[in-house]
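Peer 1: This structure is in structure tokens; I'll ask about it shortly.
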Ligand code: CLR
């Protein structure tokens, strides 16, 4: 039946929402959706998914060889997918529509030092509202591991599903205690949002991602139900040494389910386990970026506090009234800027049209597009002292 999981009173607004997204493509984030599908969490919080297993992030720096390091990067990356793409289903019953961040929205957090792995810091800034673009940095300074990236989405509708093309990329930099920094380019998968008809959306990954750098290329292919293993959330990864870069090693082939476990199915470690995310993860500790750990007006949890409260408690009048206030304030700011002939100044990032690291590493695997823009972190950490 249509909208099995949709509260009876919202069925018609759900069908009309679906009809609207089916007949238009572009920026889904700004569309009005029925209350039952709203999440109280802003998209600026999502970069935290990259580090919910901080010990795997830290372990990248312990690798002794290019091969070990490439495997550690791949294990950390695969282990983030469960959080990135299934955690709303676990915590809220289905995928939901996140809060659409405002320009300049900020989110700071950290994962404390534990068992000598060092502390990891997170900083996120919404660097564009239209289209929505989120930039982030995650850094474990004591271990010399740093991830900088940005994210946007292009959505379309096909065969009853929403197709989300992720725009943007991330660069992981590993600086061993005695040595030069090693950079890895990470590209992002395509998503298909299924289950819309029933009102219980969930994500399946499609196509592939690359991790390129440190004399290795990892190609990760995603397949849903009915392919390699016949199960949803399947993937197959091949890790190959770049020819002529001294590696000379053999390929590793890995297969499994990204939300549970995988194992080596080819290469020198064939038969051994690769990753396992069935154990607990560690959510980020949110911290304020102002003097004394206070939260500023533009920090996500403070900015959206009452909207989020309304959504959580089912008080949608409160949620929509507070959301309108935020939107009106944004409109006024943009008007004032035009009148004053100024533009919004980003706090932590600077935009560049062409990321040289993307171009250089992308060429190794001939990825397309050959160039991409990026947001360069200005090394302004209010919270990492
Ligand atoms: C953001 C970047 C993260 C991974 C990630 C996971 C879920 C994605 C989200 C990204 C972007 C926004 C997204 C969301 C799932 C649903 C939501 C595509 C890519 C859209 C805007 C809302 C669709 C509304 C239906 C659920 C009704 O690293």
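Bear in mind that the values in this text are calculations on the coordinates, not laboratory data. None of these values were measured; they are calculated from a predicted model. We place every Cβ from the backbone using ideal geometry, glycine too, and count neighbours over all the protein chains shown.
Peer 1: Of the candidates 219, 32, 240, which one comes out as most mobile in a Gaussian network treatment of the chain with C-alpha springs shorter than 10 Å?
Peer 2: For the chain, modelled as a Gaussian network with Cα springs under 10 Å, the answer is 32.
Peer 1: With each pseudo-label sitting 7 Å past Cα toward Cβ, what's the residue 163-residue 22 distance in nm, one decimal?
Peer 2: If labels sit at residue 163 and residue 22, their model points lie 1.7 nm apart.
Peer 1: Testing the spin-label approximation: label points 7 Å from Cα along Cα→Cβ at residue 282 and residue 141. State their distance in nm.
Peer 2: 1.8
Peer 1: If you build a Gaussian network model of the chain, linking Cα atoms that sit under 10 Å apart, which residue out of 279, 195, 293 swings the most?
Peer 2: 279
Peer 1: How far is the Cα center of region 352-374 from the Cα center of region 1-55, in Å?
Peer 2: A separation of 32 Å, based on Cα centres.
Peer 1: Once you've got the GNM for the chain with C-alpha springs shorter than 10 Å, pick whichever of 161, 12, 200 has the biggest mean-square fluctuation.
Peer 2: Taking springs between Cα atoms under 10 Å, the residue moving most is 12.
Peer 1: Output the 0 to 90 degree angle, nearest 10, between the alpha-carbon long axis of helix 66-92 and the longest principal axis computed from the alpha carbons of the chain.
Peer 2: Long axis of 66-92 versus the principal axis of the chain: about 20 degrees.
Peer 1: Please work out the FRET efficiency for the pair residue 130 and residue 272, using the Cβ-Cβ distance as r and a Förster radius of 35 Å; give the result to the nearest 0.05. If you can, show how the numbers build up before the last one.
Peer 2: Numbers: r = 48 Å, r/R0 = 1.36.
Here the calculated transfer efficiency is 0.15.
Peer 1: Here's a follow-up. Let me check against my output: what whole-number percent is the relative contact order of region 256-302, with C-alpha pairs under 8 Å and at least 6 apart?
Peer 2: Here the relative contact order equals 22 percent.
Peer 1: Let me ask something else about it. In percent, how large is the relative contact order of region 260-385, given Cα pairs closer than 8 Å and 6 or more residues apart? It would help to have the intermediate numbers written out before the result.
Peer 2: Numbers: 106 pairs, mean separation 18.8, N = 126.
Taking the mean separation of contacting Cα pairs over the length of region 260-385, I get 15 percent.
Peer 1: How much length would be gained if the chain were fully extended between residue 175 and residue 344, taking 0.36 nm per residue of separation minus their Cα-Cα distance, in nm to one decimal? Walk me through the numbers before you get to the answer.
Peer 2: Values: separation 169, 0.36 × 169 = 60.84 nm, distance 3.35 nm.
Contour length minus the Cα-Cα distance gives 57.5 nm.
Peer 1: Relative to the first principal axis of the alpha-carbon coordinates of the chain, what is the inclination of helix 316-339, with its axis defined by its Cα atoms, in degrees from 0 to 90 and to the nearest 10?
Peer 2: Taking the Cα atoms of the chain, the angle to 316-339 is about 80 degrees.
Peer 1: Quick one: 299, 207, fewest Cβ neighbours within 10 Å first, how do they rank? Walk me through the intermediate numbers first.
Peer 2: Numbers: 299 22, 207 15.
By the 10 Å Cβ count, ascending: 207, 299.
Peer 1: Can I ask one more? Quick one: order 223, 302, 325, 341 by neighbouring beta-carbon count within 10 Å, fewest to most. Show your work: numbers first, answer last.
Peer 2: Numbers: 223 20, 302 15, 325 12, 341 6.
Least crowded to most crowded, the residues run 341, 325, 302, 223.
Peer 1: Using only the Cα atoms of region 163-286, each taken as one equal point scatterer with no solvent, compute I(q) by the Debye sum, divide by I(0), and report log10 of the ratio at q = 0.11 Å⁻¹.
Peer 2: -0.49
Peer 1: In percent, what relative contact order does the chain have, based on Cα pairs under 8 Å that are 6 or more apart in sequence?
Peer 2: Reported as a whole number, the value is 15 percent.
Peer 1: Between helix 11-22 and the chain, what is the angle of the helix's C-alpha long axis to the longest principal axis, kept within 0 to 90° and rounded to the nearest 10?
Peer 2: Computed tilt is about 60 degrees.
Peer 1: I would also like to ask the following. Can you pull the Kirkwood radius for region 322-385, inverse mean 1/r over Cα pairs, to one decimal in Å?
Peer 2: Working: mean 1/r = 0.0660 Å⁻¹.
It works out to 15.2 Å.
Peer 1: Continuing with this model, one more query. For the pair residue 8 and residue 351, what calculated FRET efficiency results from E = 1/(1 + (r/R0)^6), where r is the Cβ-Cβ distance and R0 = 35 Å, to the nearest 0.05? Could the numbers behind the result be given before it?
Peer 2: On the way: r = 47 Å, r/R0 = 1.34.
Taking R0 as 35 Å, the efficiency between residue 351 and residue 8 is 0.15.
Peer 1: Over region 2-138, what portion of Cα pair distances is larger than 20 Å, expressed as a whole percent? Provide the component values of the computation, followed by the final result.
Peer 2: Numbers: 5578 of 9316 pairs.
In whole percent, the share of Cα-Cα pairs in region 2-138 beyond 20 Å is 60.
Peer 1: No solvent, one uniform scatterer per C-alpha: report log10 I(q)/I(0) for the chain via the Debye equation at q = 0.09, 0.10, 0.11, 0.13 1/Å, two decimals.
Peer 2: Values, matching the q order: -0.55, -0.68, -0.83, -1.17.
Peer 1: If R₀ is 56 angstrom, what is the calculated FRET efficiency for the pair residue 297 and residue 368, using the beta carbon separation as r and rounding to 0.05? Please report the intermediate quantities before stating the final value.
Peer 2: Numbers: r = 41 Å, r/R0 = 0.73.
The calculated FRET efficiency here is 0.85.
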